[in-house]
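The values are calculated or read from the model by the stated rules, or taken from the named source; none is laboratory data. Source: prediction; values computed, not measured. Glycine also receives a Cβ, built like all others from the backbone with ideal geometry; neighbour counts cover every protein chain displayed. Just so you know, the surface numbers come from the protein's heavy atoms only, side chains and all, with ligands and any DNA or RNA stripped out. Shrake-Rupley method; radii C 1.70, N 1.55, O 1.52, S 1.80 Å.
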Amino acid sequence: MPAMKHPDPTASAFVARVAALLPGIALSVLISVVSLGIQYLEERVFGHPYLEGLVMAILIGIVVRTFWQPGSRWRPGIAFSAKQLLETAVVLLGATITFAAIAASGLSLIAAIVTTVCIVLGASFGISRLLGLSVRLAILVACGNSICGNSAIAAVAPVIGANGDDIVSSISFTAVLGVVMVLGLPLLVPLLALSPSQYGILAGLTVYAVPQVLAATVPVGVLSTQIGTLVKLVRVLMLGPIVVGFSLFGSALRKQAGTPAATTRFNPFQLVPWFIIGFMLLAALRSFGILPDATAAPLLKIASLLTVISMAALGLGVDIGVLRSVGGKVTAAVTLSLLLLLFISLGIVHLFT
């Protein structure tokens with residue numbers, strides 16, 4: 001009698017993982033379908049959408065989350081849709097950009113981006129300290145605001161010995177403001193008569209995360225999306241030198257916090273997220289002609305659909321109640337720092353366009 005075959009534990013774990021993700025992904029897709037349906041109706045009735053499907057997906061998600069808190073069955077898929085699907089959309093966007101376009105942005109713009117990050121980093125730290133925040137919390141707020149939001153906070157926190165309360169305080173309100181920026185920044189296009197290239201620079205300089213730049217620029221147009229992503233990538237690359245600097249010169253902060261040495265070791269994989277590597281890889285394939293030009297349009301369409309799904313999930317994850325739990329000083333520091341960043345960025349926009 002042949003021996004019974006035991007199921008492959010790896011395959012079983014994979015199936016279980018997929019099954020755990022499906023409910024939350026399905027809910028996000030459902031909200032996206034409703035949002036795109038509303039956009040279609042707007043186009044039929046008014047000739048153009050007053051609220052893009054992407055924005056509608058966020059708003060519907062927030063409304064659902066306000067009246068119903070997703071349980072453990074839904075949360076894994078919602079988190080996956082909000083993070084991994086949006087990061088995949090960023091990777092696909094790399095197929096629409098070539099290195100020639102990156103070079104065309106000019107060294108002067110790159111220098112302006114680096115200068116803006118440095119100025120806002122120092123000013124945000126100063127504002128936070130003036131408002132009475134601790135040194136570590138002020139550093140986290142400054143890095144999150146000037147570079148790339150939660151990713152910068154997560155990367156810097158270990159090397160300065162930040163505790164859990166500091167991390168939660170800096171991330172919570174930053175997450176809410178990130179959604180506000182995605183929703184509100186496109187409104188500046190008609191108010192300030194911004195061109196697609198101007199808006200792309202503005203979004204790349206002010207929006208916290210690379211995926212959120214994609215979400216904030218897709219409703220405006222492809223050119224805004226491409227320029228915004230390029231500008232944002234330069235900001236993200238500033239994270240490396242800053243984390244290295246804190247790792248080398250932040251020993252006093254770590255000793256004061258009593259942080260174990262194992263948690264303060266510099267980790268280079270924190271500096272460049274996988275989706276940025278994927279973005280640059282597809283851009284390289286497109287630049288060298290390995291990826292045909294004809295693939296750009298369908299990949300951009302897929303990226304746009306993934307973005308809408310991710311925005312539905314992002315809305316489902318927004319807890320308006322967090323505004324009550326975050327201290328007033330942190331709220332003021334993050335808000336004032338963001339307004340400063342927006343003001344400086346508008347100056348850069350008009351200087352280089």
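How much accessible surface does Glu87 have with a 1.4 Å probe, in Å² rounded to 10?
It works out to around 10 Å².
First compute the accessible area of region 142-227 with a 1.4 Å probe, then give the percent of it belonging to carbon and sulfur atoms.
69
What accessible area, in Å² to the nearest ten, does a 1.4 Å probe give for Trp274?
Counting only protein heavy atoms, Trp274 exposes about 130 Å² to solvent.
Would you mind computing, in nm to one decimal, how far apart the modelled labels at Thr335 and Lys301 are, each placed 7 Å from Cα along Cα→Cβ?
4.4
Would you kindly state how much longer the chain becomes between Leu342 and Gln69 on full extension, computed as 0.36 nm times their sequence separation minus their alpha carbon distance, in nm to one decimal?
95.0 nm
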